[in-house]
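Report on one structure; see the data block that follows.
The values are calculated or read from the model by the stated rules, or taken from the named source; none is laboratory data. Everything numeric here is computed off the predicted structure, so don't read it as measured data. Cβ atoms come from the backbone with ideal geometry, glycine included; neighbour counts cover every protein chain shown.
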Amino acid sequence: MIIDIFLPISLAFIMFSLGIRLTINDFKNISLHPKAFIVGILNQMIVLPLIAFAILSIFKLDSVLSVGIMILACCPGGATSNMITKIAKGDMALSISYTAVASIATIITLPLIVAFSINHFDLQNTESFKMIWLSLEMILIALVPVCMGLYINMKYSNFSKKIIPMANKISTTLFIIIVIGALASNWNIFIQNLSVLGPSIILLITMMFLIGYNSAKLLGINRKQTIAISIESGIQNASLGIVVGSSILPTQQGMSSLSLPSGVYGVLMFFVCLPFIFWFLKK
């Protein structure tokens, strides 16, 4: 019961902390760099789920973990991708624009791909799953908090500047708690499937970093934007994946095993992205 309340509220706050850093100029940035924006969004919205599906056809995970990875592949980048873009000296404004638009688009794309994945991988005990309810949940825990944060930043910019550092610290702490909770609740499943779950997630992150980088380079996009596209392609909002997984396949105790891939991803993504950050900084 506590988890059912804690998870959506925590995610809503994480999304609020993202929204409070947004401005209308972040959306105007899209029109200034349409080619870079389109490449990044296509990688995140279309290429990423396709690559995840291809990897699952190779590693042959069970239905629960397979759907869990597809949920993760539908998630937008979050505040983490923005932070990593800043560290790697990428185009921060473009990164934030991606995150904002992808978070809105996810309301439509995530329920559709999740419904397909449940059917394709024959996931059982999901009779209560309804696309419309998942879409409404996405609106309440993702879109509304982002819009609230954006409104506060636009209307009370001085106030938002004061609370952003604290909001970032709280959202980071909540993210860590959510990831640890997902792993701890499914520890036995995690250990049993680590030999295939770990490599499949590492391969997914690595491939998307490389696809993002090379697709941008191929189209002649500048260095800072290329870095942002690569990171946005490879880093997803693991906390959203955990919350969605627990919503689709709830359990009496702990978090759903559908949340496990996102929990593992939340740990592994930092180790996988480190070599890319050093590479970006050296180039």
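A few notes on this one:
- Residues that are buried (at least 17 other Cβ atoms within 10 Å of the Cβ), at pLDDT 75 or above and within 12 Å of residue 93 (Cα to Cα), drawn from segment 1-32: 21, 22
- Screening the candidates 212, 198 for the property of being of a type outside the set (A, V, I, L, M), under 27 Å from residue 141 (Cβ atoms) and part of a helix (DSSP H, G or I) yields one hit, 212.
- Selection status of residue 107, touching a helix residue (DSSP H, G or I) at 6+ places or on another chain (Cβ under 6 Å), surrounded by fewer than 17 Cβ atoms within 10 Å (Cβ to Cβ), more than 25 Å from residue 166 (Cβ to Cβ) and β-branched (Val, Ile, Thr): yes
- Residue 209 hydrophobic (A, V, I, L, M, F, W, C) and over 23 Å from residue 89 (Cα atoms): no
- Candidate set from segment 153-179 (those that are β-branched (Val, Ile, Thr) and out of contact with any Gly (no Cβ under 8 Å at 6 or more places or on another chain)); member that is nearest to residue 79 (Cα to Cα): 172
- The condition (being more than 16 Å from the chain's Cα centre (by Cα) and within 24 Å of residue 60 (Cα to Cα)) is satisfied by just one residue among 194, 218: 194.
- The one condition in (1) of a type in the set (S, T, N, Q); (2) without any contact (Cβ under 8 Å) to a residue 12 or more places away in the chain; (3) closer than 24 Å to residue 219 by Cα that residue 57 fails to fulfil: (3)
- In segment 195-213, residue farthest from residue 44 (Cα to Cα) [restricted to those that are buried (at least 20 other Cβ atoms within 10 Å of the Cβ) and of a type outside the set (Gly, Ala, Ser)]: 197
- Residue 81 vs. criteria touching a residue at least 24 places away in the same chain (Cβ under 8 Å) and within 11 Å of residue 236 (Cβ to Cβ): yes
- Within segment 134-164, the residues that satisfy the criterion of being under 21 Å from the mean Cα position of the chain (by Cα) and either without any contact (Cβ under 8 Å) to a residue 12 or more places away in the chain or more than 18 Å from residue 103 (Cα to Cα) (or both) are 136, 164.
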